[in-house]
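Q: Can you keep this structure in mind? I'll have questions shortly.
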Amino acid sequence: MNAPWKSGLPGNRDPFAAFICDDNALDVIRPVVIELGWQPEKCYKGGLRNAVQSLSVTASPAILVVDLSESGDPLNDINALAEVCEPGTVVIAIGQVNDVRLYRDLLASGIHDYLLKPLSAQQVHDALSQALAVFMNPKAGDPDAAKRHISTAVVGTRGGVGASMLATSLAWLFAEQHKAPTALFDLDVHFGTGALALDLEPGRGLTDAIENPSRIDPLFIERAMVRAGDNLSILSAEAPINQPLMTDGSAFVQLEDEFRQAFEMTVIDLPRNMLINFPQLLADVNLVILTCELTLASARDTIRLLSWLKTNAGHAHPMVVANKVQPSLAEISRADFEASIERKLDFLIPYDLKAATNAAKLGQVFVDANRSSKASAVIRQIAERVMGVSEDKPVAGAGSEKKSLLGGFDFKALLAKKPKSEPEAAE
């Protein structure tokens, strides 16, 4: 079940589903699911056997939560679940039995984690966040790892919120810090600043691709992209502003296909008008980072974009990042902003005009020019969340606290002690 995730999953595969026995657990899980941008309707009443029955006739979700509370023989039932789950499904089990041997046997059978009831919202949130990181991140020694690809789209809710700054910084971090071959795709064809931030000339690669989509192939990608480092390449344009964009979007989709074959990471700087005109651009995107400010207009458009993503790109995980945050000067408070969009902000990047000016003067991306700034530290956390670099300790959002995935009961610490005999129950 915990087979590695692969790109190009069937379009009818949901990102999440849960089969829960009792209403109390459902009441805890549903708000967390909404906060993560998934559909609460995918939380079904019924335990593991209901999951087996349902998944035998429908596609498996990417992340599956199953309740073992009503299962008389959890291990046999889990084996039955494995027979109907598609490769790549990350399974989290929940139950009431506090037993180390059961936990060990469940992990050996392919379960990703086991949570004890009663559940807490933070416990569920952390477990699902880690499951998402495992789903998107290659595992060491995996023979298919070279084929795996993470595609991230960065969308600004308003002009000037810093989406391009975040996109270029993330691409640079993926390439330089995490040593992952990365493509930066700037889709602001007339006014893009991706190449400018890297102190490069954009070249004609993107405009040639738009004019002649039939030319797009691996050799074209190699020649058209501008190298910004050993692991970073950019495709952007400064198209003449007297020429409207004449395309049906097919060239962009073909370019994304080529990036998946040539790179491990793609970062798409995606203007919101392009998102609306060419929704097919998100067909194979794993993560959408909505960049916003703490303003009324930005709150409104964050709500609208989250709704659009839920309807048109339900497979893509949304992350909401507030940029240029000045608590004392914010138009609306963080609490009011989160209440209006009905979910927590994943990260808050503090406002730093001096750092932004320094990056522009040096002709470097923000995080490269300002490695010790607080804003750069948050952006590095965002990059780590996308990469899923820490499976044992998932990166928490700004202001949140890291907690054990199993709440107050730490199975892994207990198992590390290697007792001489198997305990009947952990205390």
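Q: Applying the selection to segment 357-380, what residues are within 20 Å of THR193 (Cα to Cα), surrounded by fewer than 21 Cβ atoms within 10 Å (Cβ to Cβ) and out of contact with any Lys or Arg (no Cβ under 9 Å at 6 or more places or on another chain)?
A: Within segment 357-380, THR357, ASN358, ALA360, LYS361, LEU362, GLY363, GLN364, ASP368 qualify.
Q: Only helices (runs of 4 or more DSSP H) wholly contained in segment 39-118 count here; list those with 2 or more residues that are among the acidic types (Asp, Glu) and either modelled with pLDDT under 85 or surrounded by 21 or more Cβ atoms within 10 Å (Cβ to Cβ) (or both).
A: 74-84
Q: When you look at LEU294, is it buried (at least 20 other Cβ atoms within 10 Å of the Cβ) and either among the aromatic types (Phe, Trp, Tyr) or free of Cβ contacts under 8 Å to residues at least 60 places away in the same chain (or both), yes or no? Steps first, answer last, please.
A: Working: buried (at least 20 other Cβ atoms within 10 Å of the Cβ): yes; either among the aromatic types (Phe, Trp, Tyr) or free of Cβ contacts under 8 Å to residues at least 60 places away in the same chain (or both): yes.
Taking the combined requirement at face value, the residue satisfies it.
Q: Identify, please: which residue in segment 193-249 is under 28 Å from the mean Cα position of the chain (by Cα) and of a type in the set (S, T, N, Q) and is, among those, nearest to THR266 (Cα to Cα)?
A: Among residues in segment 193-249 that are under 28 Å from the mean Cα position of the chain (by Cα) and of a type in the set (S, T, N, Q), the one nearest to THR266 (Cα to Cα) is SER233.
Q: Starting from residues that are under 21 Å from GLY249 (Cα atoms) and not β-branched (Val, Ile, Thr), keep the ones in segment 197-210 and report whichever is surrounded by the most Cβ atoms within 10 Å (Cβ to Cβ).
A: LEU206
Q: Collect the residues in segment 282-312 that are of a type in the set (A, V, I, L, M), under 20 Å from ILE268 (Cα atoms) and out of contact with any strand residue (DSSP E or B) (no Cβ under 7 Å at 6 or more places or on another chain), keeping them in residue-number order.
A: Across segment 282-312, the qualifying residue is only ALA283.
Q: Let me ask another. Looking only at segment 57-109, which residues are among the small types (Gly, Ala, Ser) and in contact with a strand residue (DSSP E or B) (Cβ under 6 Å, 6 or more places away or on another chain)?
A: The answer is SER69, ALA93.
Q: Which number in (1) free of Cβ contacts under 8 Å to residues at least 60 places away in the same chain; (2) in contact with a Cys (Cβ under 7 Å, 6 or more places away or on another chain); (3) of a type in the set (A, V, I, L, M) marks the one condition that ILE29 misses?
A: Exception for ILE29: condition (1).
Q: What helices (runs of 4 or more DSSP H) lie completely within segment 157-275 and have 2 or more residues being assigned by TED's automatic domain parsing to the domain that holds THR302 and closer than 15 Å to ILE289 by Cβ?
A: Qualifying helices (runs of 4 or more DSSP H): 163-176.
Q: Do you know which of the residues in segment 119-130 that are surrounded by fewer than 23 Cβ atoms within 10 Å (Cβ to Cβ) and small (Gly, Ala, Ser) is nearest to ILE92 (Cα to Cα)?
A: The qualifying residue nearest to ILE92 (Cα to Cα) is SER129.
Q: So, one more: Here are some conditions: (1) of a type in the set (Gly, Ala, Ser); (2) surrounded by fewer than 17 Cβ atoms within 10 Å (Cβ to Cβ); (3) touching a strand residue (DSSP E or B) at 6+ places or on another chain (Cβ under 7 Å). GLY194 meets all but one. Which one does it not meet?
A: (2)
The values are calculated or read from the model by the stated rules, or taken from the named source; none is laboratory data. Remember, predicted model here, so these are calculated numbers, not experimental data. Please note: Cβ atoms are built from the backbone with ideal geometry, for glycine as well, and neighbour counts cover all protein chains shown.
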